[in-house]
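The values are calculated or read from the model by the stated rules, or taken from the named source; none is laboratory data. None of the values given here were measured: they were computed from a predicted structure. Heads up, the Cβs are rebuilt from the backbone with ideal geometry, glycines too, and the neighbour counts pull from every protein chain shown.
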Amino acid sequence: MTGQILADRVEVPAIQPALVIEPNPSGAGWRVRAHNLSPAIVAAVAEYAQSVLRVQVAEAEGLDDEGPPDMPGDYEILGDGIRFTPQFPFEQGVPFRAILDLRVAGLPGLAGVRTREFLLPREVRAADTTVSQVFPSGDVLPENLLRFYVRFSNPMRRGWAEDHIAILGPDGRPVPDVLYRAPIELWDRSMTCLTVLLDPGRLKRGVGPNRMLGAPLEAGGRYTLAIASGMLDACGRPLQRDFKKSFCVSKAVRQPIAIEEWTVAPPTTGGCDPLELTFPRPLDWAELYHGIAVASPTGLPMSGRIDIDMGETRWRLTPDAPWQAGAHAIRVAPALEDICGNTPYAPFDGPFRPAEAAPRQTATRLVPFAVTPITVLAAGQ
Amino acid sequence: MNVPSAPALHSRRETLGLGAKSGVSLALAESFLGAASAQAASGEIKLPRSAGPLRSAGQMAFGPDSVLFVGDITGAAVHAFALRDKDLTPQTGVALGNFHNFEGVDLVRGLDVKLAALMGTTYDNIVINDMVVHPATKQVLLSVERGHGPSVIPAIVKVNRGRLELLNLDGIPHTKAAIQNEPAESARLEFEPQRVYAITDVKYYNGEVFVTGISNQRFASTLYRIRYPFTGQKATSTVEIWHPVHGEFETRAPIIRELVREIRGEPHLFAVYGCTPLVRFPLAALKDGAHVRGDTIGELGYGSNPLDMLTFNNPFDHKDYLLVTIDVRGASQIAVADLETAPAEQTGGPIDFGPGGLGRTQRNLPIRAEHMAILNPRWAVVIWRHPKTAYRMDLGTLMVPYFFDRRLGMAEMNWPDGPDPFQYREHRNETDHI
């Protein structure tokens, strides 16, 4: 007689063991449960749970004797079965297979292997992701422009930028070797804002690629930043349409940011009017949110809402609390950049200073202004 | 072999649909569908226990006593995991190949398909970020991420005699050092563009972890030196790296790959900049708050990205060499002795690739490995794409120092009766093992 007798009576279950996929109540995701097992069977197989209940990606092809691994997970022995909760949540759109193999129990009536294939459907929504903004927003950009910021309306998928973003020449054809092939795509944490750098090797005067190929853009030329609709968002959908931004190229800007040329329009006391700064040349959109702060007369930084407009030449702070009278100061970080990478202290690639020159300046620049009951035009300093 | 599953006799509210032999989607209750799609839209996924404190898994390096350092861009930190004996398995006895006949072996075939199967997804949804070899056990570890969106699922996977095993980070003694973004002096904003420091390399040397990276905003060139054991921010030095050009210009230069190496007893940092020069710094110059210029001693060539930078000892001439694998072409190999003596870029003059500079021993090697690490003096491990299949990636071995495998190239030794001037047939049956 085959099989192993575990109890006085050999149990042949009236209800066959089965596999179900059930939601995980304690969080997101799903798990697999083998049920309808009698307590005797459960006891017999408990220590072999990992070989009895296996879950795997259904389409992974084996290329050799060493087949693809099963999915790791946690096993729970239940009164009438075994439950498997995967370490990695089941991915939508991927077919999985759960295998219940009770042969190790050696009991008659439990011949065969039960398999259940399942798939969590991927929700298909119409493509509605677009490029919402590109900075710099102006349409005349200098020859030594360092970077673009491309903002998308939804989180995006990594890995598609190189093949779908290009600079086109006046003939509409891609200009080769203009954009930097970054070793890692430069996304922000939400993956809605991508930094696209022009090739620093071509921008830096005298460096190998610059000597071989020249600057990336030519002054006087007309170019287009093109983002193909094939770029995928985080849900795998392409963009709704292609995006193009055309621009003309003016001559290079190779000076430090001239803070002394800024215009400061201070607010009056008692209100929450914005403090307004205007710059003669566009500054870097992202750096404008971090690189300029306002200190109250007590020296503490003021909080409020920052608005940037007019082609990134105007910065306004609308404070949370009304302005107090007194001497305030605008603090400009030494790392603030313009759209060519120039900072308040040095141009992007500035003249070489021998090692013995004065140490690099890194202090925050201060632009004082007074808040008075009457608006007074104050020039920056 | 496969028996169609019996229909469930009880239809319970929480079970879904009926299975069949080929994939059939389940009819999901409205509320579950909503939950699943809300999860996908927000990008928030609960990370598995095995991920421990990681939120992403990037560049790795081993420190002393089996400490594994892992760069975590999403978590803005470098983690240190003190691996215990039970976390690793000695790979003694694993066959590496026939050294004299340039025959490596496949350690894992279809690595990407198998990693994806382990992580519950398909091969196109995972990325392998780095590979390291544990010095004592010779076990290969991989940092892998599932997903390409804002919320990836990270994992460290070990290769154990051809099988893949998940390293369970939950429970491994752990410390971390936060990689600080610049202090925010500006007003707090709800929608401010978020700064990310994309860690490009992590290396350990003599009690310190060296971290290089690129910012998504400032064109910054920050290098961090963090004393290990991690004791807090005071133990971090921040160095800005500058690049002098022919004595005419100077500019900031993010570092993509780095290596610390002693030259005549003095430790130096060798680095590849984003604009492709190969540079050298004495470690003593890399002080907190300093703006340091590296000596440019070579150029990798336009449009290339360095993949791995490592040194090895040539088993034939017993000299040390630097190897930089490059994404668009084969690798560059330079004698370490030449790195030491190569003159820095002269003021006003061209980079010296002549016999006096790096040209003397610089060679291009036709290696097309996406990841590479040295396993022992005769063998390297590589991850490369199979030439015939678009997606299949294999983990295999490659002999040092020629990094040539007869399975890939035509060589007279491939014919049984071909000429054998170097006596390859004498070594026909020799197989190295770990």
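When the range A:277-300 is examined, which residues are found to be modelled with pLDDT under 95 and surrounded by fewer than 16 Cβ atoms within 10 Å (Cβ to Cβ)?
Matches in the range A:277-300: A:P297, A:T298, A:G299, A:L300.
Against the definition (within 11 Å of another protein chain (Cβ to nearest Cβ) and more than 18 Å from B:A116 (Cβ to Cβ)), how does A:V104 come out, yes or no?
no
Of B:G71, B:G110, B:G63, which residue is under 22 Å from B:M372 (Cβ atoms), surrounded by fewer than 24 Cβ atoms within 10 Å (Cβ to Cβ) and under 19 Å from the mean Cα position of the chain (by Cα)?
Only one candidate qualifies: B:G63.
Could you check how many residues of the range A:170-187 are in contact with a strand residue (DSSP E or B) (Cβ under 7 Å, 6 or more places away or on another chain) and surrounded by fewer than 17 Cβ atoms within 10 Å (Cβ to Cβ)?
2
Looking at the range B:313-325, can you tell me whether even one residue there is within 23 Å of B:V400 (Cβ to Cβ), buried (at least 18 other Cβ atoms within 10 Å of the Cβ) and without any contact (Cβ under 8 Å) to a residue 40 or more places away in the chain?
no
Out of all the residues in the range A:352-363, is one or more β-branched (V, I, T) and at pLDDT 85 or above?
no
Taking the condition more than 11 Å from chain A (Cβ to nearest Cβ), touching a strand residue (DSSP E or B) at 6+ places or on another chain (Cβ under 9 Å), touching a residue at least 60 places away in the same chain (Cβ under 8 Å) and not polar (S, T, N, Q), does B:A61 pass?
yes
Going by the structure shown, is B:S143 at pLDDT below 95 and buried (at least 20 other Cβ atoms within 10 Å of the Cβ)?
no
Quickly run through the range B:97-156 and pick out the residues that are farther than 21 Å from B:P53 by Cα, at the interface with chain A (Cβ under 10 Å from one of its Cβ atoms), part of a loop (DSSP other than H, G, I, E, B) and free of Cβ contacts under 8 Å to residues at least 60 places away in the same chain.
B:T121, B:T122
Looking only at the range B:197-226, which residues are away from chain A (no Cβ under 14 Å) and either farther than 13 Å from B:V67 by Cα or assigned to a loop (DSSP other than H, G, I, E, B) (or both)?
B:N206, B:G207, B:F210, B:L223, B:Y224, B:R225, B:I226
So, in the range A:1-49, how many residues would count as being over 12 Å from A:L100 (Cβ atoms), modelled with pLDDT of 85 or more and facing chain B (nearest Cβ under 9 Å)?
Going through the range A:1-49 one residue at a time, the tally reaches 6.
For the range A:188-288, please list each of the strands (runs of 3 or more DSSP E) lying entirely inside it that holds at least 1 residues being away from chain B (no Cβ under 12 Å).
Hits in the range A:188-288: A:222-227, A:243-250, A:263-265, A:275-278.
Out of curiosity, is B:A344 farther than 30 Å from B:K234 by Cα, touching a residue at least 60 places away in the same chain (Cβ under 8 Å) and crowded, with 21+ Cβ neighbours inside 10 Å?
no
Quickly run through the range B:167-196 and pick out the residues that are in a loop (DSSP other than H, G, I, E, B), modelled with pLDDT of 90 or more and surrounded by fewer than 16 Cβ atoms within 10 Å (Cβ to Cβ).
Within the range B:167-196, B:D170, B:G171, B:P173 qualify.
Is it true that some residue in the range A:125-137 is within 12 Å of chain B (Cβ to nearest Cβ), within 15 Å of the chain's Cα centre (by Cα) and over 30 Å from A:M310 (Cβ atoms)?
No, because not a single residue in the range A:125-137 is within 12 Å of chain B (Cβ to nearest Cβ), within 15 Å of the chain's Cα centre (by Cα) and over 30 Å from A:M310 (Cβ atoms).
Taking the range B:276-304, which residues are among the basic types (K, R) and crowded, with 16+ Cβ neighbours inside 10 Å?
Across the range B:276-304, the qualifying residues are B:R280, B:R293.
Which of the residues spanning the range B:74-86 are surrounded by fewer than 21 Cβ atoms within 10 Å (Cβ to Cβ) and either more than 23 Å from the chain's Cα centre (by Cα) or not aliphatic (A, V, I, L, M) (or both)?
B:T74, B:G75, B:R84, B:D85, B:K86
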